[in-house]
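Novice: Please read through the structure below; I'll follow up with questions.
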There are 2 protein chains.
Amino acid sequence: MSAVLHNRIRVFRAEHRLSQSDLADIIGVSRKTISTIEVGRFVPSTIIALKIARHFEVPVEEIFALEQLSDSP
Amino acid sequence: MSAVLHNRIRVFRAEHRLSQSDLADIIGVSRKTISTIEVGRFVPSTIIALKIARHFEVPVEEIFALEQLSDSP
DNA sequence: AGAAAATGAAACCTTAAGGTATCAATATGA
DNA sequence: TCATATTGATACCTTAAGGTTTCATTTTCT
């Protein structure tokens, strides 16, 4: 199941002038969660992805994208 | 972070005549993973959600939807 | 420059995701 | 009807997500 998850959270945060803490509070998670997702260390749950996308009013695919690796078609 | 994640995987599987095993193989996860997600017992990772949506050629939001509960805006 | 805000990271902990294997019940089809 | 496929569930295990807290570094703003 090795795939890399790219994200553009930082871009959307910047556009909306939100700090990681701001977004974390809005979404209802900890700042660490936003930070680790943003840096690409953790893969968020679908619930978190949907909440972030919903807040920025874009589809999930505009924020998160798969980068194909070796396996998993 | 209590939210319920609705999904329409079964509908898309039916339309595409795929068994849980079929989809599991295509996505690269176990059948149990598809089953538990479909039944709503587990919340899948964003990677799995993207892979499922990509296979059915629809946005994630057409397959997975948040159902608001008490907290978490 | 100096204070305050923002960010990345680390340690530590708890719980959920996801894997394998197996079984029973239900569909499906020849 | 009988065989096969499909599905839901269970038990057990491993690892990653996500939380809290804290610290150092970097940005940002006066």
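Derivation of every value follows stated rules applied to the coordinates shown; laboratory data play no part. As the structure is a computational prediction, the values presented were derived from the model and not from experiment.
Novice: With just the Cα atoms of the protein assembly as shown, tell me how far they stretch along each of the three principal axes, in Å, largest first.
Specialist: 45, 37, 21
Novice: Take the alpha carbon atoms of the stretch B:19-35, find their center, do the same for the stretch A:7-25, and report the distance between the two centers in whole angstrom.
Specialist: 34
Novice: Over the residues of chain B, compute the C-alpha Rg and express it relative to 2.2 N^0.38 Å.
Specialist: Rg over 2.2 N^0.38 Å, computed on Cα atoms: 1.08.
Novice: Looking only at B:SER19, B:SER30, B:SER45, which one moves most when chain B is put into a Gaussian network model with springs between Cα atoms under 10 Å?
Specialist: Comparing B:SER19, B:SER30, B:SER45 in the GNM, the peak value goes to B:SER45.
Novice: Which one of B:GLU62, B:GLU38, B:GLU15 has the biggest mean-square fluctuation once chain B is modelled by GNM with Cα springs under 10 Å?
Specialist: Top of the fluctuation ranking is B:GLU15.
Novice: Next question, about the same structure. Do you know the relative contact order of chain B, to the nearest whole percent, from alpha carbon pairs under 8 angstrom that are 6+ apart?
Specialist: Reported relative contact order: 49 percent.
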